[in-house]
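Input: a single structure, listed below in structure tokens.
The values are calculated or read from the model by the stated rules, or taken from the named source; none is laboratory data. Owing to the predicted nature of the structure, the values given are computational and were not obtained by experimental measurement. Please note: Cβ atoms are built from the backbone with ideal geometry, for glycine as well, and neighbour counts cover all protein chains shown. What goes into the accessible areas is simple: the full protein's heavy atoms, side chains included, and nothing from ligands, DNA or RNA. Shrake-Rupley method; radii C 1.70, N 1.55, O 1.52, S 1.80 Å.
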Amino acid sequence: MAVLTIPTQAFPDQRPGTSGLRKKVSVFQQPHYLENFVQSIFAAIPDRKGKTLVLGGDGRFFNREAIQIILRMAAANGWGKVMVGRGGLLSTPAVSAIIRAHHAHGGIILSASHNPAGPHHDFGIKYNISNGGPAPEKITDAIWAGSKSIQSYQTLDTADVDIDHDGVFQLDDMTVEICDPVRDYAELMARIFDFETLRRLFNGNFRMRFDAMHAITGPYALEILENQLGAPAGTVVNGIPLTDFGGGHPDPNLVYAKSLADYLFGEEAPDFGAASDGDGDRNMILGRQFFVTPSDSLAALAANATHIPGYHGGLKGVARSMPTSQAVDVVAQKLGIPHYETPTGWKFFGNLLDAGKITFCGEESFGTGSDHVREKDGLWAVLAWLSVIAATGKSVAEIVTRHWQEFGRHYYTRHDYEGIPASAGEEIMATLTAQLPVLTGQTLAGRIVQTTDDFAYTDPIDGSISSHQGLRLLFSDGARLVFRLSGTGTEGATLRIYHEHLEQDAARQHLDPQRVLRELIALGKDLTRIEKLTGRKAPTVIT
Ligand code: VG1
Ligand code: CO
């Protein structure tokens with residue numbers, strides 16, 4: 001088969017963000033756009049010859065076309081084998097699991113995660129390395145540099161291949177294996193969790209609802225929860241992946257997974273509720289009439305880890321992204337294990353996990369995970385919670401409120417101002433950066449500002465430095481106010497303001513976070529001058 005070298009021109013906007021390259025579908029559909037980026041990925045992996053690549057996506061619009069383009073290019077670029085999830089489908093944690101189980105060299109995930117899908121919405125692509133985790137900045141920087149100077153790409157002159165039936169065939173010199181998207185992942189879950197115990201849970205009166213939001217976790221949740229664990233049919237709702245996610249916004253939070261939240265807060269509420277995002281790496285945990293913040297979920301799982309079979313021996317350490325609440329730090333201190341604070345994005349956990357420094361990690365953005373893969377993992381978090389419920393016999397609300405009594409409650413809320421003009425986003429951050437030094441020592445929102453900084457991280461394993469990861473006001477009473485611009489949006493800029501305050505008094509641990517944090521919220525609005533600069537009176541999303 002003839003390898004074609006296609007001349008192309010560089011696009012100036014292919015810089016990977018927090019989690020790969022995300023753009024409107026129409027941007028990806030421009031001639032050569034996807035091809036340029038894929039060639040730039042391959043160029044950044046010079047030792048790929050003869051090696052195995054894992055390929056799949058969350059099933060969103062353009063997924064199938066992209067799979068065909070990438071297969072042709074992979075064959076032309078010397079990969080030895082590509083493992084593709086049947087139908088082109090693989091969740092993000094499943095890609096990570098398959099890379100590790102099959103000792104693949106890397107993987108390409110087609111997803112824009114929680115961003116909406118369809119011809120007028122978003123598409124995305126990211127590269128994962130041989131540990132199963134997102135490529136570190138060294139590689140994403142190389143991809144970006146390559147994308148700015150690319151002049152041609154390699155592909156094959158060949159028709160589309162059948163990705164809908166399991167099997168193995170050749171594409172020129174490269175082997176293509178179409179595999180079951182769920183099998184390896186389900187086997188991994190069965191090794192970590194005691195499925196017998198969980199089956200007993202569902203055999204009793206315990207009931208749950210899992211909302212797959214018409215995104216990728218449907219097939220995984222149906223197989224594991226209903227087929228293998230015996231949860232009643234109908235436990236998984238919206239379980240069929242659709243190219244437009246049913247017109248929804250598969251971001252598992254109280255705003256976008258509202259029908260699930262309404263059900264869990266309603267009269268007929270089951271014991272447990274959970275939802276996942278577009279590519280299956282996020283999770284939202286609900287109890288009956290109870291919402292668990294992601295930061296609390298991480299902390300509670302860490303405190304209860306020995307109840308989960310795969311972690312009976314305890315945790316080596318824990319990590320959280322900087323904006324995530326400090327709840328898990330308090331648990332680590334009590335357990336006498338190390339805790340780490342990394343920048344936003346799962347790629348920063350990879351080295352700590354590989355070096356055996358941490359077992360659990362998580363982010364405030366509904367991401368929780370462990371050393372079983374190198375991505376956050378939505379269904380893993382669900383099974384971890386079910387394991388703790390089964391072992392303790394307690395409800396979600398009991399587990400969390402007792403946790404607060406023991407460790408204190410970290411009241412927490414994130415306010416997002418989505419789609420503000422990019423220039424306003426930059427101005428807000430620049431003005432605030434300039435202001436930070438004079439804020440130190442002042443009394444604001446009834447508290448003393450102890451320190452301020454522009455968060456920078458030195459990786460303890462490889463010494464690499466990542467700067468400008470968010471602006472912080474740290475108060476003397478432990479409260480925090482954090483500001484960042486999103487690195488995953490595709491329209492203008494998104495400002496995220498994170499507010500946190502620790503309450504030790506059990507009598508004051510059952511209040512509305514928006515009320516408890518109102519002074520910090522007002523301060524955040526004041527300092528950013530968001531209303532003056534953008535006309536926005538309120539955030540678009542509160543989590
Ligand atoms: C957001 C979250 C971050 C998460 C990232 C990818 O990034 O805040 O915690 O790691 O999305 O998650 P940003 O830069 O927009 O704040 V996912 O589920 O999109 O792969
Ligand atoms: Co995701």
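For this structure, a couple of remarks:
- Note on the stretch 444-471: residues that are open to solvent by 70 Å² or more (accessible area, probe 1.4 Å), in contact with a Phe, Trp or Tyr (Cβ under 7 Å, 6 or more places away or on another chain) and not β-branched (V, I, T) amount to 1.
- Subset of the stretch 352-386 (residues that are within 16 Å of ligand 2 (Cβ to nearest atom) and of a type in the set (F, W, Y)): F366, W380
- Residue in the stretch 335-346 that is within 15 Å of ligand 1 (Cβ to nearest atom) and within 19 Å of A94 (Cα to Cα) present: yes
- I358 being in a loop (DSSP other than H, G, I, E, B), in contact (Cβ under 8 Å) with a residue 24 or more places away in the chain and open to solvent by less than 10 Å² (accessible area, probe 1.4 Å): yes
- Test: residue in the stretch 516-531 that is within 14 Å of ligand 1 (Cβ to nearest atom), at pLDDT 95 or above and open to solvent by 40 Å² or more (accessible area, probe 1.4 Å): no
- In the set (1) within 30 Å of S276 (Cβ to Cβ); (2) in a loop (DSSP other than H, G, I, E, B); (3) touching a residue at least 40 places away in the same chain (Cβ under 8 Å), L53 fails one condition alone, (2).
- No other residue among T342, T440, T433 is surrounded by 24 or more Cβ atoms within 10 Å (Cβ to Cβ) and hydroxyl-bearing (S, T, Y) apart from T342.
- The residues of the stretch 103-124 include none that are surrounded by fewer than 24 Cβ atoms within 10 Å (Cβ to Cβ), within 16 Å of ligand 1 (Cβ to nearest atom) and within 27 Å of K81 (Cβ to Cβ).
- Tally, over the stretch 191-216, of residues that are in a helix (DSSP H, G or I), closer than 25 Å to D58 by Cα and of a type in the set (D, E, K, R): 1
- Cβ pairs under 6 Å, 6+ apart, first in the stretch 325-342 and among the aromatic types (F, W, Y), second in a strand (DSSP E or B) and surrounded by 24 or more Cβ atoms within 10 Å (Cβ to Cβ): Y340/A319
- Residues within the stretch 255-285 that are in contact (Cβ under 8 Å) with a residue 40 or more places away in the chain, more than 16 Å from ligand 1 (Cβ to nearest atom) and open to solvent by 20 Å² or more (accessible area, probe 1.4 Å), tallied: 3
- The stretch 141-155, residues that are closer than 12 Å to E35 by Cβ and touching a helix residue (DSSP H, G or I) at 6+ places or on another chain (Cβ under 7 Å): S147, I150, Y153, Q154, T155
- No other residue among A445, A397, A390 is at pLDDT below 95 and aliphatic (A, V, I, L, M) apart from A445.
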